[in-house]
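The structure under discussion appears below in the form of structure tokens.
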Amino acid sequence: MVVSGAGPGLPSVAGTAGPPGRVGRREPAVHGRFTMLRRVAAAGLIGSTIEWFDFFLYAMMSALVFDHVFFPKLNSTAGSLASFATFGAGFVARPVGSLLMGHFGDRVGRKSALVVSLVVMGTSTFAIGLLPGYNSIGVAAPAILTALRLLQGLSLGGEWSGAVTLAMEHAPDRKRGWWAAWAQFGAMGGIMLSSGTVLLLSENLTNRQFMDWGWRIPFLASGVLLLVGLFVRLRVAESPVFQEISTEGTQVTVPVAEAVRRHSLSMLRAGGMHLMVAGFATTLLTFYIPYGVKHVHFSRTDMLKVVFLATVVTCLLSPFLAGLSDRFGRRTVYVVGTTLGGIGAFTSFLLLDVGTVPVAVIGILCLVLPVAATFQVQGAWFPELFPPAARVTGSGFGSQMATVLVGGPAPFVATALLDRGHGRPWWVASYLCLLAVASTIAALLTPDTRPARASAPAPIPAGGTRAQHARQAEVARVRV
């Protein structure tokens, strides 16, 4: 699609370039467009980091604290499972959130949907920090906790697809993978921020202080992060692609019906490709930390250090991984990532069982780096599989179905498989490897949507307008 008023000589934001020449006369417009593109990328990074911080913070606390605070009447195993059940409620809500926020994003605007999702996530996370425990209000405490977790799931279900779609639709064709990946960096940033915060508290508070009130601090701090995220997101422009379909009146009444009726296969492919990412990320945060503490005899602080250091390294390497799909193709990079993930499922446990922090960090990297590589490719690839009128809904719902199938049940499955293996992790590793194989197969069955060549000047069809030409180019791309 062409930015309204872009004029000749400007490369399209999500479509085909205009005629050559006269670029110099439009340099202010080019500079303004690039400034907005950087602002959109920053908003995607900061907003997504905040949302994933809130979501992953809950995951870590469900493994470390919530069984004691909200389920003290249960024994250790039952309390952990009950805590994980509230954690899983967020995953059940995510497909619903992708439909609600996706409808909003495809009908009202990408930017508006992202602002709403951020407010819902920030307020629900802040409320968890204020929630009294079971000893104060009884069964109302876990009931309210579950309700707040559902709100977190609703928010994150719509956040991901909206953020990457907004970035992708602002970006030039040949750089979609790079610019969309900035919103994806937020996932690693969220893990790093949440694990770093919990690590800081764990090192500076006694266990009693941490269990009594220290765990509430990062939840309450999310209120400040919410204000920062809103400030950044309110300063970005709406997607030029959405502006055009809104002006032309080509939006569909029910985006989910359009996605299911015409693009159900694309949703299934997106869900299949997301299986590894959903399963690996959840298992890392809810299973690896308790496993390292209980079975390898790391201290809680050491395991938090391992996860934190691994995510720091991944965040530093992520910019180098981001643009690979623009150069080598979406499918190629994705299949390499899932293949390495399948190998890393076993390698991570082998190195973790050595029992030293430096080697354990390398082990976690064997799991996290393949996830980062594939997750960043999703930022451009998944939205490209759908037309603009159903893009947020289709890409979001397809991927979120995978979170229901493997993300939510991951801690239960891993715990059961560890028990089956009599405390050895190889059944868990085999399960993770199976997810990687499934995602590899799905990727091989999905068309590579990377533009085949650099955008070249193309004549406008006889009697057609530039907007019509851009629409034809968009249709051609989504059908590749």
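The values are calculated or read from the model by the stated rules, or taken from the named source; none is laboratory data. Quick caveat, the model's predicted, so the values are computed rather than measured. Positions of Cβ are backbone-derived with ideal geometry, glycine not excepted, and every protein chain shown enters the neighbour counts. Protein only, heavy atoms only, side chains kept; ligands, DNA and RNA dropped before computing areas. Shrake-Rupley method; radii C 1.70, N 1.55, O 1.52, S 1.80 Å.
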Check: Once you put a point 7 Å from the Cα of Arg174 and another 7 Å from the Cα of Leu316, both along the Cβ direction, what distance in nm separates them?
Finding: 3.1 nm
Next item on the list: Enter the per residue convex hull volume of segment 245-371, computed from alpha-carbon coordinates, in Å³ rounded to the nearest integer.
Entry: 157 Å³
Margin query: Give me the net charge for the shell around Phe87: Cβ to Cβ below 15 angstrom, other residues only, Lys and Arg +1, Asp and Glu -1.
Written below: 0
Next item on the list: For segment 145-304, compute Rh as the Kirkwood radius over C-alpha pairs and then the Stokes-Einstein diffusion coefficient at 37 °C and 0.692 mPa s; write the answer in µm²/s, rounded to an integer.
Entry: 170 µm²/s
Next item on the list: Determine the share of the chain's accessible area contributed by carbon and sulfur atoms, expressed in whole percent, with a 1.4 angstrom probe.
Entry: 68 percent
Note to self: What FRET efficiency comes out for Val119 versus Arg420 if R0 is 41 angstrom and r is the Cβ-Cβ distance? Round to the nearest 0.05.
What the structure shows: 0.45
Next item on the list: Can you work out the accessible area per residue across segment 191-243, with the rest of the protein chains kept in place, probe 1.4 Å, in square angstrom?
Entry: 46 Å²
Notebook entry, point to check: Where Rh denotes the Kirkwood radius from the mean inverse Cα pair distance, what is Rg over Rh for segment 341-411?
Noted result: 1.14
Margin query: If packing is taken as the average number of other Cβ atoms within 10 Å across a peptide's residues, how do 57-68, 140-151 rank, most packed first?
Written below: 57-68, 140-151
Item checked: Part-to-part distance (alpha-carbon centres) for segment 342-381 and segment 312-337, which is given in Å -> 14 Å
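Ignoring everything except DSSP H segments at least 4 long, calculate the 222 nm mean residue ellipticity for the chain; use -39,500 (n - 2.57) per segment, divide by total residues, nearest 500.
My calculation for the chain gives -25500 deg cm²/dmol from helical runs alone.
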Checklist line | Protection proxy ranking, peptides 312-319, 265-272, 396-403, 277-284, average beta carbon neighbours within 10 Å, highest first | finding: 396-403, 277-284, 265-272, 312-319
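Run through every distinct alpha carbon pair of the chain and return the Kirkwood hydrodynamic radius in angstroms, one decimal place.
22.6 Å
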Notebook entry, point to check: Under a plain spin-label model, where a point goes 7 Å from the Cα along Cα-to-Cβ, how far apart in nm are Thr253 and Leu74?
Noted result: 4.5 nm
Next item on the list: Starting from the Cα of Lys294, draw a straight line to each of the lysines and keep only those under 22 Å, dropping any in the same chain fewer than 8 residues away.
Entry: Lys73, Lys305
Next item on the list: Would you please put 216-225, 376-385, 159-168 in order of how densely packed they are, using the mean number of other Cβ atoms within 10 angstrom per residue and starting with the highest?
Entry: 159-168, 376-385, 216-225
Notebook entry, point to check: How far apart, in nm, are the 7 Å Cα→Cβ label points at Ser136 and Arg262?
Noted result: 5.2 nm
Notebook entry, point to check: So what's the gap between the Cα centers of segment 257-309 and segment 113-132, to the nearest angstrom?
Noted result: 22 Å
